[in-house]
Each structure stands twice: as C-alpha cells, then as structure tokens.
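Report on the structure given below.
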Amino acid sequence: MASLSCSATDLAPLLTATTNATATAAATYLCNQLDTISRKLSDTTYAVDNTYLLFSAYLVFAMQLGFAMLCAGSVRAKNTMNIMLTNVLDAAAGGLSYYLFGFAFAFGAPSNGFIGRHFFGLKHYPSPTYDYSFFLYQWAFAIAAAGITSGSIAERTQFVAYLIYSSFLTGFVYPVVSHWLWSSDGWASPTRTTGSLLFGSGAIDFAGSGVVHMVGGIAGLWGAFIEGPRIGRFDRTGRSVALRGHSASLVVLGSFLLWFGWYGFNPGSFLTIAKAYGNNGENGNYYGQWSAIGRTAVTTTLAGCTAALTTLFSKRLLEGHWKVLDVCNGLLGGFAAITSGCSVVEPWPAIVCGFVAAWVLIGLNLVAAKMKYDDPLEAAQLHGGCGAWGVLFTGLFAKGEYVAEVYGSAGRPYGLLMGGGGKLLAAQVIEILVVCGWVTATMGPLFYGLHKTKLLRISEDDETAGMDLTRHGGFAYAYHDDDDVSTKRGVMMSRIGPGSSSPSTMNTPAASAAANDC
C-alpha cells in the first residue's frame, strides 16, 4: 500500500501568499494529522493481511482432519486406530521439528540458494519480512507433506518408523525444497532477489504441486516400495486382490474436508490480500489481489470438479460401476494438479488440468497394479503423479498478465501454449527432476536403513491380526457383547435365501416351538 507523505515546508506556501509562523504551524499540524492517518492505514493493512493469513493457516491445518478421515476410511477396520494416531503424530512431531529446524532451513534469510541458515527455534523472530502467522501457515504445509506419505505405508509400518520419517521429512527434506522454490534466496525461486532467475523466470509452483505433493508422494513411493505390499494384496499368481477400506462414509467426509481446506491452501498462498495492482488499468479500482484470490479459488474448484466427473464416467466405462471412492481420489488428484498454477491460469485451462489429472491417476494405478506396488491410499500416484502433471501444466498454460501481477514484473516468460515461449516450461521440468532426485536421495536411504534395522515393517502375525489390537491395546470401534445378537442363546445364524423365513420371524416363540418339534 502506498504511504501518504507530507512536508510542512512544501505545504506552508500553499496556505498563504507569504510564509509566516502561523502558516508554518498550520502546515505542520496538517502534516502531523496526515502522518497519523497514514500510520493507521498501514497498521490496518498489516492487520488485515495477517488475519487473512492466519485464517488460511487454520483452513490448511483443518486438512489434517480431512487426511485422518480419508486414511481411516481407506484402511481396514482393524488398523483404524493406528492410522488415526499417525495423523496426529504427523502434526505433533512435525510441529516441533519444523519449529527447531525446518522453518530455518526453508526461510532463514539471508542465506545461500540451497538452504536457509537463520531463525532456528524462531530466534530473532519476527522480522521485517516474516511474522508468526507466516510460520504457522508454512508449518501447516509441512505437516501436509508428511500426511501424504503416511497414507502410502499404511497398515504395515511400525510406529517408531512414523516418528523418525515424519520428523526427518518436516525438519529437513521438505524445508530444503521449499527454500529452493519459495524463498527469496532459493536458486529456482521465481521471487529470487539475489542472482539471476532460472531461465529468466524461476519455476512457478505457487502453492506446492511439486513442493508439497510431489515431496510427500515420492517419499511415500519409496516407503511403500521398500516395505513391499500388504499381506494378501496379491495372490500367488500375482493377480491384484482388493483390500477395501472399511468406510466409504469416512472417505467422503475426508474428501469434503480436504476440499474445504484447499481454499486456504491455494488462495491463501498469496499471503496478503490488501494489495492493488498498479493503477488497475481498464479494470478500475475494484481489481486487485483480492480479485486474483477469487480467481484462484475458481480455478481450484473447476480442476477438482472436472477430475471428479472424468473419473466417475471413466470408471463406469472401464469397470461398469459408479465408484464413489475412485471419484473422491480423482477429485483430490485434480486439486493436487492445479495447486502449482492456480494463480496464473484462466478458469478454462483449469478444466483441462482436471481432465488430464484424472487420466494420469487412472493410468498410474494400472501401472502400480502391474508392478505389484501397494499404496492403500494411492498417495504416490495421486500426489506424486498428479502433482508432476500440475507443474508441467503451469509451464504450458500460465498467462503472461497473471504472471506479471503475481510475481511483480512484466516481461517474464509464461506458458508455452499461451505464446510465452519455452523458458518457463524448461524451469518446470527442472523442478520435477530436482524434487524427484532430492527426495529419492534422502528418503530412499532413510526407509532402506529402517528396513535393514527391522524398524520399518511389523511382523506378519501383527499385520494379520491388525495393529489396533497388537500395537494400540484394542479396536477403534468398541461395542458391548450384549449388543451382538450372534452371542445370544437360541439364535442360529443362517443364510437367508428365496423362500426362507425373514430374520424378523426367526426368533419368535412360534418359530422356536417349531424348531423344538423338529
């Protein structure tokens, strides 16, 4: 926001033909009043922007509840308590590790292009650049990446492995990637202030298709690959056997919660809202960053809706069923894909993004089944695969006008198919390669080391019985034996077929007498 400025020396001659003590005093008074108004306006702008960012952080954090519901519904009932606890752990362990190390590695400026080196334990914080609301927002992103990984290795992973990988991912692996692409010092960042931009552009990953989703998805890929599939996931001939989750209701609930939270994830990544764009040109005073935020919410919505519908009809054609669980995953795949370019594309390309994301997910799931790869939540395919497509999509469809608005300078490279040349697309390809390489080089050895030290996978007996019973002291769903009709005397469970008595008449006195006569 432009500040008001006033000089008593300049104002005094305008108040009277001759400058005297009275005119100078009046000018000084008026300037002091204008300075007070300017400070109040500036304070109000900071307050509005920080409130907006805090509210966005709360929305992103609420996505953890969505992850928990989605994960719980996607696993078998005997592992519900385990997967719920791991989601709590992602937030708790991630909070401490990001506070101690992660935020400093990500945004500890001034630093080099690879890693940050200030603000460990939030020392010397806040600064003129960052406030506490920014830390909270970035922490919510970090634990989202850890939550993605937990879905890939569900139903067969030791609890200590969750503690180790979650702390390492949120405290080191994810922060380094976010430093590269989001920090003002990062070597691939489009907002870099020291040195030249990558291909004159930097890689545009506005809200984290690569930074968050690819990091979490690729980490999960290596964890699930090293662990191997769950017992019974493939039969002796190698054919895929569905180990269905126990609650479609929880999956749908989790998907809607994630959808709601995505409005903090994508539009919230602007960080501020009270910002005008230059003189606003032909759009008048109604157009500013608040308009770009609204556009971002629209592109996010359209991509997810298109992906959901594409998945619905595609699965109907391929398998003959309307499958709600697949539709929910398709919806989330569309959201993961649009996250990179949500702020710099028009609404119509978002429909293209969602359509392709649905087919990327379907195709990768077919490949996973052929490769005997087992991911209970399809997290690697959904977040890793659709996230990579989203990064490429931005390099194809980013609009020059929006790139200039969001990143603050005209003349930047923009989408190849929008006439902006291939430089932005090249930067996007580099992002995909370095994210894959970095996560592979860090999380792969970590999971392999846990595997070799027998800290990664639970025993076959524990996996067969379920971790709720063997590791967490009981099942998630408790009920009284008195409510279980199968334990009552005189009740015989039998198969009901055509011509059989209805269940409601099986326990009547007449039925019991007839049974005794036999």
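In table form, for the structure just shown:
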{"quantity": "Greater than 22 Å apart at Cα, pairs in Lys315/Lys370; Lys399/Lys423; Lys315/Lys399; Lys78/Lys370", "calculated": "Lys315/Lys399; Lys78/Lys370"}
{"quantity": "Rounded accessible area of Met81 (nearest 10 Å², 1.4 Å probe)", "calculated": "60"}
{"quantity": "Under-5 Å amide H pairs with Arg457, H placed in peptide plane, nonlocal only", "calculated": "Gln158"}
{"quantity": "Rg and Dmax of the range 185-259, Cα atoms only, in Å", "calculated": "20.0, 58"}
{"quantity": "Cβ crowding within 10 Å averaged over residues, with 422-434, 308-320, 184-196 ranked highest first", "calculated": "422-434, 184-196, 308-320"}
{"quantity": "Solvent exposure, largest accessible area first (probe 1.4 Å, DNA, RNA and ligands not counted), of Arg471, Arg233", "calculated": "Arg471, Arg233"}
{"quantity": "Accessible area, probe 1.4 Å, largest first, for residues Arg236, Arg244", "calculated": "Arg236, Arg244"}
{"quantity": "Sorted peptide list for 360-373, 49-62, 167-180, 449-462, criterion being average Cβ within 10 angstrom, highest first", "calculated": "167-180, 49-62, 360-373, 449-462"}
{"quantity": "Accessible area (Å², 1.4 Å probe, nearest 10) - Ser409", "calculated": "50"}
{"quantity": "For the range 158-235 versus the range 336-411, the gap between their alpha-carbon centres in whole angstrom", "calculated": "15"}
{"quantity": "DSSP H segments from the chain that extend 24 Å or more along their own axis, Cα-based, with Kyte-Doolittle mean of 0.0 or above", "calculated": "21-74, 80-97, 132-152, 248-265, 289-319, 347-370, 423-452"}
{"quantity": "Rounded accessible area of Phe225 (nearest 10 Å², 1.4 Å probe)", "calculated": "140"}
{"quantity": "Simple label model, 7 Å out from Cα along Cβ direction - Phe234 to Leu30, nm", "calculated": "8.2"}
{"quantity": "Rel. contact order, % - alpha carbon contacts under 8 angstrom, at least six apart, the chain", "calculated": "18"}
{"quantity": "At R0 = 60 Å, FRET efficiency that the Cβ-Cβ distance of Glu460 and Val48 yields, to 0.05", "calculated": "0.60"}
{"quantity": "For the range 217-267, alpha-carbon Rg and Dmax in angstrom", "calculated": "15.9, 48"}
{"quantity": "Ranking by accessible area, most exposed first, for Tyr46, Tyr130, Tyr98, Tyr477 with a 1.4 Å probe", "calculated": "Tyr46, Tyr477, Tyr130, Tyr98"}
{"quantity": "Extended-chain gain in nm, criterion 0.36 nm per residue less alpha-carbon gap, Lys372 and His451", "calculated": "26.6 nm"}
{"quantity": "Using a Förster distance of 22 Å, the FRET efficiency for Asp131-Leu100 (Cβ separation, nearest 0.05)", "calculated": "0.70"}
{"quantity": "Lysines whose Cα lies under 30 Å from that of Lys123, excluding same-chain neighbours fewer than 8 positions away", "calculated": "Lys40, Lys275"}
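The values are calculated or read from the model by the stated rules, or taken from the named source; none is laboratory data. For clarity, every value in this text was computed on a predicted model and none was experimentally measured. Glycine gets a Cβ as well: all are built from the backbone with ideal geometry, and neighbour counts include every protein chain shown. These area figures cover heavy atoms from the full protein model, side chains too; ligands, DNA and RNA do not enter into them. Shrake-Rupley method; radii C 1.70, N 1.55, O 1.52, S 1.80 Å.
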